[in-house]
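The values are calculated or read from the model by the stated rules, or taken from the named source; none is laboratory data. Nothing here was measured: the structure is a model prediction, and the numbers come from that model. Positions of Cβ are backbone-derived with ideal geometry, glycine not excepted, and every protein chain shown enters the neighbour counts.
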Amino acid sequence: MSSQAKVKVRNLTKSFGDLTVLDNISFDIEKGEFVCIVEPTGCGKTTFLNLLVKLLEPTSGNIFIDGKEADPKIHNLSFVFQEQSAFPWLTVEQNIRFGQETKKRPKQEINQVTDYILGMLGLKECRDKYPHELSASTEQRIVIGRSFAMKPDLLLMDEPYGQMDLKLRYYLEDEVIRLQQATKSTVIFITHNIEEAVYLADRCLILSQKPTKIKEEVRIDMPHPRDVASREFIELREYITEKIKWW
């Protein structure tokens, strides 16, 4: 494990009474790495996320960001959830600006970052519209843009495309990859979709059933955009599928 890692999770354990949900989990994430966590339903995903952002305290173990214990008061943590969460009372542009203004960043920087994000995500033409005037996929782009605009220390994405059809998923996945590579953001992306994980990730962490451990790490050294019909892609998808058969 790298001593220069952006995020370090060490011996993370969480129990509720006699029930151990997470059991001695350790891993590192490098700065700018895109890590997908593939997990079965009911393995403790919500607990895991809440521990990562310190909404819950671990029974034992620690999470470090840039060598310091993770603390929302110090570190810039951002989320993209499956549920639509654009602020309905703000326009597209105001949504993108919101977190930056909350952090009291210089106006010139906010203008530059906002224009860049709007351009990257194809949102310039609807910058003055409100979320309810737009499609569900466009609203999710607003949330994604708002999160990346914050230049987070760690961006957590929890099945953000779970309610969308396949075509929209591919479209948004490509946009997220371009944005992540352009901003060098560090991302943890949680999904049940193995093909999505192989398409997106630099590395996949495969979780077990409860008590949840890391079953295996799989590195994916394929350039983007990835060809889902290529032999290498199919072999990786089949390998991970075999590893997470829970029956």
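So, restricting to strands (runs of 3 or more DSSP E) that lie completely within region 1-67, which ones have at least 1 residues that are surrounded by fewer than 20 Cβ atoms within 10 Å (Cβ to Cβ)?
Answer list for region 1-67: 7-16, 19-29, 60-65.
Report yes if Asp128 is on the phi < 0 side of the Ramachandran plot, acidic (Asp, Glu) and modelled with pLDDT under 90, otherwise no. So that I can check it myself, show each step before the final result.
Details: on the phi < 0 side of the Ramachandran plot: yes; acidic (Asp, Glu): yes; modelled with pLDDT under 90: no.
Spelling it out, it is not the case that Asp128 is on the phi < 0 side of the Ramachandran plot, acidic (Asp, Glu) and modelled with pLDDT under 90.
Any chance region 86-98 includes a residue that's under 12 Å from Ala149 (Cα atoms), among the charged types (D, E, K, R), in the same structural domain as Ser137 (by TED's automatic domain parsing) and free of Cβ contacts under 8 Å to residues at least 12 places away in the same chain?
Checking region 86-98: not a single residue is under 12 Å from Ala149 (Cα atoms), among the charged types (D, E, K, R), in the same structural domain as Ser137 (by TED's automatic domain parsing) and free of Cβ contacts under 8 Å to residues at least 12 places away in the same chain.
Collect the residues in region 178-217 that are within 13 Å of the chain's Cα centre (by Cα), part of a helix (DSSP H, G or I) and charged (D, E, K, R), keeping them in residue-number order.
Result: Glu196, single match.
Residue by residue through region 216-232, note down the ones that are touching a strand residue (DSSP E or B) at 6+ places or on another chain (Cβ under 9 Å) and either aliphatic (A, V, I, L, M) or closer than 14 Å to Glu196 by Cβ (or both).
Step one: list which residues in region 216-232 are touching a strand residue (DSSP E or B) at 6+ places or on another chain (Cβ under 9 Å), which gives 216-220.
Those that are touching a strand residue (DSSP E or B) at 6+ places or on another chain (Cβ under 9 Å) and either aliphatic (A, V, I, L, M) or closer than 14 Å to Glu196 by Cβ (or both): Val218, Ile220.
Pairs only if they're at least six apart or on different chains, beta carbon under 8 angstrom, first in region 169-195 and touching a residue at least 60 places away in the same chain (Cβ under 8 Å) and farther than 23 Å from Lys6 by Cβ, second of a type outside the set (Phe, Trp, Tyr) and outside any loop (DSSP other than H, G, I, E, B); list them, first residue then second.
Matching pairs, first to second residue: His192/Val38; Ile194/Val38; Ile194/Arg237; Ile194/Ile240; Ile194/Thr241.
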